[in-house]
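Written below as structure tokens is the structure these notes are about.
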Amino acid sequence: MISIVPSCSSRIVRSTLSALAVLLAASCPMLVTTSSLPAAEQGGHLDIYFIDVEGGACTLFVTPLGESLMIDSGYPDNNGRDRNRILSVVRDVAGLKRIDHAAVTHWHRDHYGNHAALSTQIKIRNFWDRGIPVTLSEDTQFESRVADYRSASQNKSKTLKAGDSLPLKAGKTPMSIKIVTASREVIPNSGKPNPFARLHKPLPRDTSDNAASLSFLLKFGRFTFLCCGDLTWNIEAKLVTPNNPIGQVDMYMVTHHGLPSSNNPVLVRAVDPRVAVMCNGPTKGGHPDVIATLRQVKSLKALFQLHRNVKLDAAGQTPAGFIANSGQTEGCQGTWIKASVSADGGSYTVQIGPKGRPRTFQSR
């Protein structure tokens, strides 16, 4: 290592520059303070990051007041791949120094796998989930695996039920995040009749924890966003038949990575999204049946995919310009997708990665 010792003259220059910096800070304090604020707090907008965790799920919200919510956290292990991608977006892209709220939609490893690991790297203030079961039939190692989550949350995670709301602070524009499904229960079936109710064809009862997923309905001014974790077919129908208590939404996070055991047309066509984002992997999700369902949505203007489905040809999925990652898992850069909602909730942009061209959409 080469050590450079400053000369006397250089020390004088540095001293002068330091004095100037103090004077500038005193006369223009915004030069110092603004750069330390999260991007959303500076512009008054709401940011939503869809982080590539290779077919798992992790979605980060940053409110106009700089408050953050992370829903799910991808796969554990893989040399810290998903944990590091999440931290990169949280710290380097969103400019956060903590995570205020971390939620788990359900108890599959691709959704809660990094909550504990992340808590050792960055402060997480509040943990939310549907309640921690004693055992999980589809995971014989669940008891030992969830122990790390219990430790990270100090056994103080808060249980969410259908109808609850997350206590995020609203700024000038009204904002709410309501839980519309939890532990196989749904909010009351109010609202207008669902014109697509007849499309529901029941499947055998899903006994997995997917069917118990938490579902989040976010409203920010006129903008609405729906995220249902890995909620499956029959519970989706239970939520929106015979009436639709959700209404139509602006953005829909395609459920269950785009697998056909979810994304019941009775729900997808009823909420009628203008933009859909699919958090799939190169070989997981992005199923042609789900893409066919999305293509039947009357109002859909754009479908974004975190990954190209390497098993499908180009015609079978969204155009290449709407796909964040095009190759296999090996060598993948983990490019994210970002939605940014205007300060009044009247419009929003979606872009792929830091250099992607923002595409603008109007809220309903």
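Things to note:
- Residues of type lysines that LYS284 reaches as a straight line, Cα spacing below 17 Å, ignoring anything fewer than 8 places off in the same chain: LYS311
- Within the chain, the longest segment free of exposed loop sites, counting GluC sites (Glu not before Pro) that fall outside DSSP classes H, G, I, E and B and have at most 13 other Cβ atoms within 10 Å, spans 139-329.
- Pairs spanning more than 20 Å between alpha-carbon atoms, out of LYS123/LYS338; LYS172/LYS219; LYS172/LYS338; LYS201/LYS238: LYS123/LYS338; LYS172/LYS338.
- Label-point separation, LYS172 to LYS298 (7 Å along Cα→Cβ), nm: 3.5 nm
- Spin-label pair GLN154/LYS201, simplified geometry with 7 Å Cα→Cβ offset, distance in nm: 5.2 nm
- Distance from region 294-364 to region 183-247 (C-alpha centre basis), Å: 23 Å
- Set against the 2.2 N^0.38 Å expectation for a compact globular protein, region 119-196 has a Cα radius of gyration ratio of 1.44.
- Cα-projected label distance for ASP289 with LYS97, points at 7 Å along beta-carbon direction, nm: 4.9 nm
- Using θ = phi - 60° and Karplus 6.51 cos²θ - 1.76 cosθ + 1.60, couplings along region 306-316 (whole Hz; Gly, Pro as x): 5, 9, 6, 6, 5, 8, 10, 7, 4, 5, x
- Orientation-averaged projected area, Cα convex hull of region 89-129 (nm²): 2.9 nm²
- Each listed q (0.14 Å⁻¹) maps to a log10 I(q)/I(0) for region 74-163 from the Debye sum over equal C-alpha point scatterers, namely -0.49.
- Values of log10 I(q)/I(0), in the order q = 0.11, 0.13 Å⁻¹, for the chain under a Debye, Cα-only, solvent-free model: -0.73, -1.00
- Using heavy atoms of the protein chains and a probe of 1.4 Å, the accessible area assigned to HIS45 is about 40 Å².
- ³J(HN,Hα) computed for each position of region 290-300 - Karplus, 6.51 cos²θ - 1.76 cosθ + 1.60, integer Hz, glycine/proline x: 5, 4, 5, 4, 5, 5, 8, 6, 4, 8, 5
- Equivalent-ellipsoid semi-axes for region 184-246 (Cα gyration tensor, √(5λ), whole Å, largest first): 20, 16, 9.
- J(HN,Hα) series, region 137-147, from Karplus relation 6.51 cos²θ - 1.76 cosθ + 1.60, nearest Hz, glycine and proline x: 4, 8, 9, 5, 9, 4, 4, 6, 5, 7, 4
- Direction-averaged projected area, Cα convex hull, region 195-320: 7.6 nm², rounded to one decimal.
The values are calculated or read from the model by the stated rules, or taken from the named source; none is laboratory data. Please read all numbers here as calculations on a predicted model, not as lab measurements. Cβ: placed from backbone, ideal geometry, glycine included. Neighbour counts: every protein chain shown. The area values use the complete protein model at the heavy-atom level, side chains included, leaving out ligands, DNA and RNA. Shrake-Rupley method; radii C 1.70, N 1.55, O 1.52, S 1.80 Å.
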